[in-house]
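Trainee: Below is a structure I'd like to ask you about.
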């Protein structure tokens, strides 16, 4: 039998997670201190709920009219850019303060953009999912929905190739 996603994943004890009831301010602190691009959202029982990501934070900072515009597929009156708007450090901080009290659960990444797999999935399928979605794969236990870990290009390379010092020159 070949390698599975579980063989090369980042286990939950090495992956920062956040609860759905946590605030966006807490998510921002965690993302900034850990330099993570995403946080798996896991409830008190360990069940996978979704993903909160740094691109979600960026989207929340944009004016609402701009994000509605991005969702529209076509039409007249589209905003080509936001160069006519300014954002000072004070404006930025005020926007983050305003968002801080929102719940993580209300600002999850779109589920169709986050690949999920059974930990027993063959690693080649995990690689295909990483390539297709251009992001990490959430490993979730079938049936229970329990978060098991993540599969990323880095975790795959680290586990399969070993420490960087062991690589041939």
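Trainee: Which of the residues spanning the range 120-151 are surrounded by fewer than 19 Cβ atoms within 10 Å (Cβ to Cβ) and either on the phi > 0 side of the Ramachandran plot or not in a helix (DSSP H, G or I) (or both)?
Mentor: 120, 121, 122, 134, 141, 142, 143, 144, 145, 146
Trainee: Between residues in the range 98-118 that are farther than 15 Å from residue 50 by Cβ and residues that are in a loop (DSSP other than H, G, I, E, B), which pairs lie under 6 Å by C-beta distance while being six or more apart or on different chains?
Mentor: Once the first residue is farther than 15 Å from residue 50 by Cβ and sits in the range 98-118, its partners that are in a loop (DSSP other than H, G, I, E, B) give 118/142.
Trainee: How about the range 7-44: which of its residues are at pLDDT 95 or above, under 17 Å from residue 138 (Cβ atoms) and more than 15 Å from the chain's Cα centre (by Cα)?
Mentor: 43
Trainee: I would also like to ask the following. For the range 26-53, which residues satisfy the criterion of being in contact with a helix residue (DSSP H, G or I) (Cβ under 8 Å, 6 or more places away or on another chain) and loosely packed, with under 14 Cβ neighbours inside 10 Å?
Mentor: 37
Trainee: A follow-up question, please. If I ask for residues that are part of a helix (DSSP H, G or I) and either at pLDDT 90 or above or surrounded by fewer than 13 Cβ atoms within 10 Å (Cβ to Cβ) (or both), which ones from the range 68-82 would you list?
Mentor: Once the filter is applied, which keeps residues that are part of a helix (DSSP H, G or I) and either at pLDDT 90 or above or surrounded by fewer than 13 Cβ atoms within 10 Å (Cβ to Cβ) (or both), the range 68-82 yields 68, 70, 71.
Trainee: Looking at the range 1-24, which of its residues are part of a strand (DSSP E or B) and within 24 Å of residue 105 (Cβ to Cβ)?
Mentor: Residues satisfying the conditions are 10, 18, 23.
Trainee: Same structure, new question: Of all residues in the range 83-119, which are at pLDDT below 90, surrounded by fewer than 15 Cβ atoms within 10 Å (Cβ to Cβ) and part of a helix (DSSP H, G or I)?
Mentor: Across the range 83-119, the qualifying residues are 89, 90, 91, 92, 93, 94, 97, 98, 100, 111, 112, 113.
Trainee: Something else now. Restricting attention to the range 21-36, which residues are closer than 17 Å to residue 60 by Cα and touching a residue at least 60 places away in the same chain (Cβ under 8 Å)?
Mentor: 22, 23, 24, 25, 26, 27, 28, listed by residue number.
Trainee: Return yes or no: is residue 157 crowded, with 16+ Cβ neighbours inside 10 Å and at pLDDT below 95?
Mentor: Details: crowded, with 16+ Cβ neighbours inside 10 Å: no; at pLDDT below 95: yes.
Here the answer is no, as residue 157 does not meet what is asked.
The values are calculated or read from the model by the stated rules, or taken from the named source; none is laboratory data. No experiment lies behind these values; they were computed from the predicted model shown. Heads up, the Cβs are rebuilt from the backbone with ideal geometry, glycines too, and the neighbour counts pull from every protein chain shown.
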